[in-house]
Amino acid sequence: MEQIHKKYVKRTQCQPELVIKPDLLLLSSELNPELLAKITKPQTNTIMKINGDYLYKEKEQYRWYFQQDKIKTNSYSGENSQLKYENIRSLAPHHFNIEAINDEGGLITNFPRKSLSLTLNKGETACFICRREEYGADYSYQPALNLVMWVKNHGFYSDYQQVKPAKLIQEQAIEPFYMKSAREFDFRNSKLRFELG
């Protein structure tokens, strides 16, 4: 599987804009000013770096597609703590959500379904293995979905540094977090048709 994957995923050279270190956020000195303003404004409570590979069926053949890095931010300035992370579900892949963050930086989620409650501590990585059976017909058809998704909780950050793109490329070359040990949540035996897990 790994050899097939590497052979058929066409990767373009992607200039990193954000590298997350244990105690510091490294941002590109050429970062879009609008995105920089979103990241650094006081109301921003979450920064997400998202990428992935996707397998699609086209004309009876499967093809892998590589998604370049995306940076998304979530902000909230209200006083209702229950709404603080409500928009994460619409920003993160496959409606991953954050219910709350504890004082130690632990992330609490009920992904992939509401009957669960999981805490991902600061520095921890979770590997979610999920499926959803196909359902519907014609315009409402939804194909089967098989998902492997890594989520790392980097915790709280209070500082950032802007560096040249060449420096970011060097930092990004360090072994990625998803190659290291992770807590595995395997939902492949699920028979749910309308939601993951």
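Given N residues in the stretch 95-186, what is Rg(Cα) / (2.2 N^0.38 Å)?
It is 1.41.
Not counting ligands, DNA or RNA, and with a 1.4 Å probe, what is residue 104's accessible surface area in Å² rounded to the nearest 10?
It works out to around 140 Å².
For a label point 7 Å from the Cα of residue 32 along Cα→C-beta, name the residues of the stretch 93-110 whose backbone N is under 13 Å from it.
none
Highest GNM mean-square fluctuation, the chain, Cα pairs closer than 10 Å: which of 27, 35, 168?
Between 27, 35, 168, it is 35 that shows the largest mean-square fluctuation.
If you take every residue apart from residue 125 with its C-beta less than 12 Å away from the C-beta of residue 125, what net charge results, scoring Lys and Arg +1 and Asp and Glu -1?
+2
Consider the candidate values (i) 1.11; (ii) 1.01; (iii) 1.06; state which one is Cα Rg over 2.2 N^0.38 Å computed from the structure displayed.
Answer label, from the structure shown: (i).
Please state the charge dipole magnitude for the stretch 37-96, taken about the Cα centre, from unit charges on C-beta atoms (+1 on K and R, -1 on D and E), reported in debye and rounded to the nearest 20.
120
Please list 146-154, 49-57, 68-76 highest first by mean number of surrounding beta-carbon atoms within 10 Å per residue.
Those peptides, ordered most packed to least, come out 146-154, 68-76, 49-57.
Work out how much length residue 44 to residue 60 would gain on full extension: take 0.36 nm times their residue separation and subtract the Cα-Cα distance, in nm to one decimal.
Contour length minus the Cα-Cα distance gives 1.4 nm.
Applying the Karplus parametrisation 6.51 cos²θ - 1.76 cosθ + 1.60 with θ = phi - 60° to the phi angles of the stretch 71-87, what ³J(HN,Hα) value in whole Hz is obtained for each residue in order, glycine and proline being reported as x?
10, 10, 10, 10, 10, 8, 10, x, 10, 7, 5, 6, 9, 4, 10, 4, 6
How many nm is it between the label spots at residue 118 and residue 145, if each spot is 7 Å from the Cα in line with the beta carbon?
1.5
Work out, step by step, the length gained on full extension between residue 135 and residue 95: first 0.36 nm times the residue separation, then minus their alpha carbon distance; give nm to one decimal.
Full extension from residue 135 to residue 95 adds 12.5 nm.
Go ahead and set up a Gaussian network model of the chain, Cα springs under 10 Å, then flag whichever of 84, 114, 21 fluctuates most.
Fluctuation is largest for 114.
Given the rule -39500 (n - 2.57) for each run of at least 4 DSSP H residues, summed and divided by the residues of the chain, what is its mean residue ellipticity at 222 nm, to the nearest 500 deg cm²/dmol? Working shown, then result.
On the way: 4 runs with 27 residues, N = 197.
After summing the helix terms and dividing by residue count, I get -3500 deg cm²/dmol.
The values are calculated or read from the model by the stated rules, or taken from the named source; none is laboratory data. In this text, all values refer to a predicted model and were calculated from it rather than measured experimentally. Using ideal geometry, Cβ is built from the backbone for each residue, glycine included, and neighbour counts are taken over all protein chains shown. Surface areas here come from the heavy atoms of the whole protein model, side chains and all, with no ligands, DNA or RNA. Shrake-Rupley method; radii C 1.70, N 1.55, O 1.52, S 1.80 Å.
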